[in-house]
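Below is one structure, written out as C-alpha cells; the observations come after it.
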Amino acid sequence: MARSFLQVAATEEVAPPLRAVQIEGLAVLKIIKHCKEFSPSLVTGQLLGLDVGSVLEVTNCFPFPIREEDEEIEAEGANYQLEMMRCLREVNVDNNTVGWYQSMLFGCFQTVELIETFMNYQENIRRCVCIIYDPSRANQGVLALKALKLSDSFMDLYRNNNFTGEKLREKNLSWVDIFEEIPIKVSNSALISAFMTELEDDTPVTQCDYDRLQLSTSPYLERNVEFLIECMDDLSMEQQKFQYYYRNLSRQQAQQQAWLQKRRSENMSRKAAGEEPLPEEDPLNHIFKPIPEPSRLDSFLITNQIANYCNQING
C-alpha cells in the first residue's frame, strides 16, 4: 500500500544498532601523528564522517588546539571547530561530526570527564563514538586503537543521576556495562591500496626495522603495576565511604527503634489516661531524615580501570 509523503515523514525511524566503525587509513595516520607528537600530554580532536546504517564511517579528522581551562579560551576553541568544518565543507570534504578522538596514557581513559563529553555529544548527535589511542602501547608494536560508546542503560541512569545500589540492581548494571567497545575496520580506497602494493619491497627485513620497536616490556609492566596499586588505593577509599554510610545507617535505624519504643510506651500511658496517642513518626526529628547514599559511579570507573590494567599486565 502506497503511503503519502506526510505519512512517511511522520513515521519515526528506528536506527539499527551500531555494529562497526569503519575508519579511513588517512584518519588513522592523522590520529597517530597528533597523539604521538604531544605524548605524554593528552590531546583531542574531531572525527568527521557519515552514519550509514549499522556502520559509522570516519573519513577524516582534525586536531583541537591545546588550551587551558578558561571560558574565553573555550569559546575560541568552539569557534575554531566551526571554522575548520566550514573550510572542509568548502573543499568538498565530509564535515559531519560523528564523535571525537583522544589520547590516553597506559590505558587510562575511564573518567567522569569522558562520560560528560559523551553526554554533551549525545544531545546533538544521535550516534557518536570516541576513538582512544595509546601512544605508550604503540612502542610495543601494538595499534592501541579503540572505539567506545556508552551503553544505553548506563546513559539512562546517568541522566537521572541515580547510582544507588537499588537502581543498579533494578537495571542489572555492573561496572562492565558502562562502555561498549565497537569493532574497528580500517579502510582504504582502491587507488591507495594499489599505491601501497607498488611500494612494497621484496628485500628482506633489516636490523633497522627491528630497532623501530622497543621490545622491552619491563618499563611498561612496571608503570602498569604502579597505576594498578594507585587504583587499588582509590577503590579502598571508595569502599571506606560506603562503610561509613552503612555505619551511619545502622546507627540511625537503632535510634529510630529506640525512639519508637519510647513513643509506644508513652502512647500506652496516654491511652490509659484517656488521652489521644501521639504519632509514631516525627518527620521533623533528625533521626527520621534519610541519609543520602553515595554514588557508585566512581567505584565502577575505578573497577573498570583496574580490570584494564590487569588485562594489560596479563598481555
Collect the residues in region 249-281 that are more than 30 Å from Pro294 (Cα to Cα) and in a loop (DSSP other than H, G, I, E, B), keeping them in residue-number order. Ala273, Gly274, Glu275, Glu276, Pro277, Leu278, Pro279
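So, Ile313, is that one closer than 30 Å to Leu114 by Cβ, in contact (Cβ under 8 Å) with a residue 24 or more places away in the chain and in a helix (DSSP H, G or I) or not?
Judged against the criteria, Ile313 is a match.
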Determine the pairs where a residue that is among the basic types (Lys, Arg), located within region 229-256, has a partner that is surrounded by 11 or more Cβ atoms within 10 Å (Cβ to Cβ) with Cβ atoms under 7 Å apart, the partner being 6 or more residues away or on another chain. Lys241/Pro294
Considering only residues that are in a loop (DSSP other than H, G, I, E, B) and closer than 30 Å to Lys33 by Cα, which ones fall in region 155-184? Ile178, Pro183
Are any residues in region 99-154 outside any strand (DSSP E or B), open to solvent by 40 Å² or more (accessible area, probe 1.4 Å), basic (Lys, Arg) and touching a strand residue (DSSP E or B) at 6+ places or on another chain (Cβ under 9 Å), and if so, which ones? Arg126
Hits in region 191-226 (condition: surrounded by 11 or more Cβ atoms within 10 Å (Cβ to Cβ), of a type in the set (Ser, Thr, Tyr) and modelled with pLDDT of 75 or more): Ser193
So, in region 155-185, exactly how many residues are free of Cβ contacts under 8 Å to residues at least 24 places away in the same chain and either open to solvent by less than 30 Å² (accessible area, probe 1.4 Å) or in contact with a His (Cβ under 8 Å, 6 or more places away or on another chain) (or both)? 2
Within region 57-99, how many residues are closer than 21 Å to Ile192 by Cα and either of a type in the set (Ser, Thr, Tyr) or modelled with pLDDT of 85 or more (or both)? 6
Residue under evaluation Tyr244, criteria (1) part of a helix (DSSP H, G or I); (2) over 38 Å from the mean Cα position of the chain (by Cα), criterion not met: (2)
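The values are calculated or read from the model by the stated rules, or taken from the named source; none is laboratory data. As the structure is a prediction and not an experimental result, all values here were calculated from the model. Positions of Cβ are generated from backbone atoms using ideal geometry, with glycine treated the same way; all protein chains shown enter the neighbour counts. Each accessible area value is taken on the protein alone, full model and side chains, heavy atoms only, with ligands, DNA and RNA left out. Shrake-Rupley method; radii C 1.70, N 1.55, O 1.52, S 1.80 Å.
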